[in-house]
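The next block holds one structure in the form of structure tokens; read it before the comments.
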Amino acid sequence: RLAEGEPAAMKIFISADIEGTAGIAHWDEAERTHPDWAEFRALMTAEVVAACEGARAAGATEVVIKDAHDSGRNLILDRLPEYARIVRGWSGHPDAMMFGLDAGFVAAIYTGYHSKAGSEANPLAHTSNLRISRLLLNGEVASEFTVNALCAAGYGVPSVFLSGDAGICAEARVMVPGLAAVETLEGTGNATTSISSARSCRLIREGVAAALSGDFSGALPERAARYEVVIEFNNPTGAYRAAWYPGAKAHGPRAVAFADADFAEILRALVFLKV
């Protein structure tokens with residue numbers, strides 16, 4: 001129990017990616033095996049720290065960060081604030097990029113997010129991995145944010161803020177009423193036009209603080225009575241393998257479908273279908 005006068009705990013969850021980090025333009029900058037990655041892991045870290053600072057300014061007592069890009073081992077740990085905890089690597093849990101989240105969190109925040117597979121809004125646009133050409137949910141092309149915001153909603157946690165390319169910001173604003181977003185870059189072909197890292201960090205810090213200081217209770221995506229996920233692969237062999245998952249079925253020459261009323265079952269299926 002809280003002592004008299006002690007403020008209630010305010011836990012904030014951050015899911016951090018890199019392909020929507022201000023300035024990024026090439027896969028070399030997102031791959032830990034390439035020398036360019038060192039610069040962009042630092043820029044990714046700076047944006048996460050800015051989100052932590054914004055959350056703290058709004059009263060957060062704890063921030064849990066899921067390092068959600070590639071290896072799950074990108075963020076520079078000694079730059080994180082004392083009140084932060086970090087989830088590194090991949091547990092295999094269906095929550096994936098949201099692993100560590102539960103109903104005890106007040107809100108979810110997303111940094112460094114990017115447009116969905118098939119989009120021209122970012123040269124690094126993809127959904128989950130580069131073997132997937134498109135992922136559809138109930139007939140609509142979905143992004144990683146689509147899946148992750150619904151995952152958060154399953155715990156009753158609103159998604160209140162996102163930073164990333166202009167395409168994913170526009171999508172997130174439509175999907176989640178009241179969500180605040182900072183556009184870090186726009187893609188044109190294989191090029192990006194970006195704001196500076198310093199400006200991105202300032203806008204993230206201010207945007208998170210403002211979002212968490214307002215009424216964000218309604219920042220939840222609309223839930224459906226039933227969900228069907230369709231994964232279109234670049235190669236038909238991916239669809240053939242995925243169709244062996246219980247309940248999955250072929251959905252054309254390069255695609256597999258799976259449906260369930262419980263979105264948690266969609267998340268479970270994705271663990272096995274998308275690899």
Original post:
Can you give the FRET efficiency for Thr61 and Tyr240, using 1/(1 + (r/R0)^6), R0 = 35 Å, r = Cβ-Cβ distance, to the nearest 0.05?
Top reply: 0.10
**OP:** May I ask you to derive the relative contact order of the range 35-184, considering only C-alpha pairs under 8 Å and at least 6 residues apart, and to give it as an integer percent?
**Re:** 18 percent
Original post:
Considering only protein heavy atoms, what per residue accessible area in square angstrom results for the range 1-132 with a 1.4 angstrom probe?
Top reply: 42 Å²
Original post:
Cα centroid distance between the range 84-118 and the range 14-67, in Å?
Top reply: 13 Å
**OP:** Using DSSP to define loop residues, name the GluC sites (Glu not before Pro) in the range 204-253 whose beta-carbon has at most 14 other beta-carbon atoms within 10 Å.
**Re:** Glu222
**OP:** Using only Cα atoms, locate the centre of the range 234-275 and the centre of the range 135-158, then give the distance between them in Å, rounded to an integer.
**Re:** 16 Å
Original post:
What FRET efficiency would be calculated for the residue pair Arg223, His26, taking the C-beta separation as r and a Förster radius of 45 Å, to the nearest 0.05?
Top reply: 0.75
Original post:
In the chain, what % of DSSP beta bridges are antiparallel (nearest 5)?
Top reply: 45 percent
**OP:** Provide the packing ranking of 24-37, 262-275, i.e. peptides ordered by the mean count of other C-beta atoms within 10 Å per residue, highest first.
**Re:** 262-275, 24-37
Original post:
With a ≥ b ≥ c the root eigenvalues of the C-alpha gyration tensor of the range 134-275, is it rounded (a/c under 1.5), prolate (a/b larger than b/c) or oblate?
Top reply: oblate
Original post:
What is the range 28-112 by shape, rounded, prolate or oblate, if you read a ≥ b ≥ c off the alpha carbon gyration tensor as root eigenvalues and call it rounded for a/c under 1.5, prolate for a/b larger than b/c, and oblate otherwise?
Top reply: oblate
Original post:
Using the Cα gyration tensor of the chain, with a ≥ b ≥ c the square roots of its eigenvalues, what is the shape: rounded (a/c below 1.5), prolate (a/b larger than b/c) or oblate (neither)?
Top reply: oblate
**OP:** Quote the relative contact order of the chain in percent (integer), defining contacts as alpha-carbon pairs under 8 Å separated by 6+ residues.
**Re:** 20 percent
Subject >> Modelled label reach - Leu130, point 7 Å along Cα→Cβ, the range 7-41 residues with backbone N closer than 15 Å >> reply: 19, 25-37
Original post:
Counting pairs of alpha carbon atoms under 8 Å apart in space and at least six apart in sequence, what relative contact order in percent does the range 97-152 give?
Top reply: 31 percent
Subject >> Within the chain: Cβ-based charge dipole about Cα centre, in debye rounded to nearest 20 (Lys, Arg +1; Asp, Glu -1) >> reply: 520 debye
Original post:
Counting Lys and Arg as +1 and Asp and Glu as -1, each charge on the Cβ, what is the dipole of the range 19-120 about the Cα centre in debye, to the nearest 20?
Top reply: 300 debye
Subject >> Inter-label distance, nm, simple model (7 Å from Cα along the C-beta direction), Ala261/Ser71 >> reply: 4.4 nm
Subject >> Rg/Rh ratio calculated on Cα atoms of the range 1-148 (Kirkwood radius) >> reply: 1.00
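The values are calculated or read from the model by the stated rules, or taken from the named source; none is laboratory data. Computed from a predicted model, the values in this text were never measured in an experiment. Note: ideal-geometry Cβ built from the backbone for every residue, glycine included; neighbour counts use all protein chains shown. We work out accessible area using only protein heavy atoms, side chains counted, and drop any ligands, DNA or RNA first. Shrake-Rupley method; radii C 1.70, N 1.55, O 1.52, S 1.80 Å.
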